[in-house]
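Here's the structure we're looking at; comments come further down.
Readers should treat all values here as calculations from the given coordinates under stated rules, not as data from a laboratory. For clarity, every value in this text was computed on a predicted model and none was experimentally measured. All Cβ positions, even for glycine, are placed from backbone atoms using ideal geometry, and neighbour counts span all protein chains on display.
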Amino acid sequence: MAASEPPEPPPRSPVSRPVTARVPAKVNVQLAVGGLRPDGFHDLANVFLAVGLHDEVTAAPADALRITVEGADAAQVPLDRTNLAARAARALAERYGIEPGVHLHIAKDIPVAGGMAGGSADAAGALLACDALWGTQAPRAELLEICAELGSDIPFSLVGGVALGRGRGELLTPLETGGAFHWVFAVADGGLSTPAVYRECDRLREASGTGASAADVPDPEPSRALLDALRTGDATALAAAVSNDLQPAALSLRPALADTLRAGADAGALASLVSGSGPTCAFLAKGPEAAQAVATGLAASGTCRTVRVTSGPVPGARLVHA
């Protein structure tokens, strides 16, 4: 006799108390960028690694959707309908036919417009917190689908750890890692627009004579040496394999970043690279003591606004008060 199907779980009711989600920043240890597609996007081989700098997004019941922000660079975060966290809340509400009555309060610790997916983190955090607040019980696959509709980096903010992103970066494959990697981040004054960096990448490719279209540029592929280094936890091997196809464009738009990269290398970093579309620069260190030495050297160099030391991989978005 066949076993009976397990009963459906009872529907969850909305909660009346605030719910907080904690979401990490990311660094791209490989960002291979294909040519410009007809739809305006680029195919990527994007190896994400989540690091221990976090934003917290708190969702509380409200009569209407409202955003408030505190913390580093809070004044740079939009509070209108363009805010990714607000868009995430509306997208979830529309799926379930409910009014997006929620006050989203974002406590920022991830650099704003710094190439570390701070806005994407806030969107993933808002989705997770609103799902708990409203009792929608959205399946994980549906949350990831909403993330992908909102932006290329947002699915990884939900997942965390280490993953390979294909397509626009939203098609994720988790990757095995053999331990923690130690990072130093040099935060620049002001931000860089991700679309502007991609446009500059295309312009530089055209100017070099190689062409910038998907027909001109080879399909991006992950580095086997980089994947092996992640799997074995070998920081020295990882340093030899990291790469970022957007780095020349970021340096073209912000030449002073070259001084920051040089200062980190001079301070003993195993690898120095622009994080994503920049302008934050990332430095891989041999261990925690070496990371502190790199941070000290960068802080003394006068080439950046502030320096942060952390490690990864860390988990993706998680509820911390529910």
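For the chain, the Cβ-based charge dipole about the Cα centre amounts to some 420 debye (Lys, Arg positive; Asp, Glu negative; other atoms uncharged).
Our helix-only sum for the chain, with -39,500 (n - 2.57) per DSSP H run of n ≥ 4 divided by its residues, gives a mean residue ellipticity at 222 nm of -10000 deg cm²/dmol. The Cα center of region 54-89 and the Cα center of region 93-153 differ in position by 10 Å. Suppose R0 equals 45 Å; then what is the FRET efficiency for THR82 and SER213 from their Cβ-Cβ distance, rounded to the nearest 0.05? With R0 = 45 Å, the Cβ-Cβ based efficiency is 0.95. Highest mobility in the GNM of the chain, judged by mean-square fluctuation with C-alpha springs under 10 Å and restricted to LEU192, LEU284, LEU273, is found for LEU192. Which of (1) 160; (2) 125; (3) 139 is the computed volume of the Cα convex hull per residue in Å³ for the structure on display? Recomputing volume of the Cα convex hull per residue in Å³ here gives the entry labelled (1). Applying 1/(1 + (r/R0)^6) with R0 = 25 Å to the Cβ-Cβ distance of ARG95 and ASP63 gives a FRET efficiency near 0.75.
Region 155-214 and region 250-322 have their alpha-carbon centroids 15 Å apart. Compared with the direct C-alpha span, the chain from ASP234 to ALA265 gains 9.3 nm at full extension, assuming 0.36 nm per residue.
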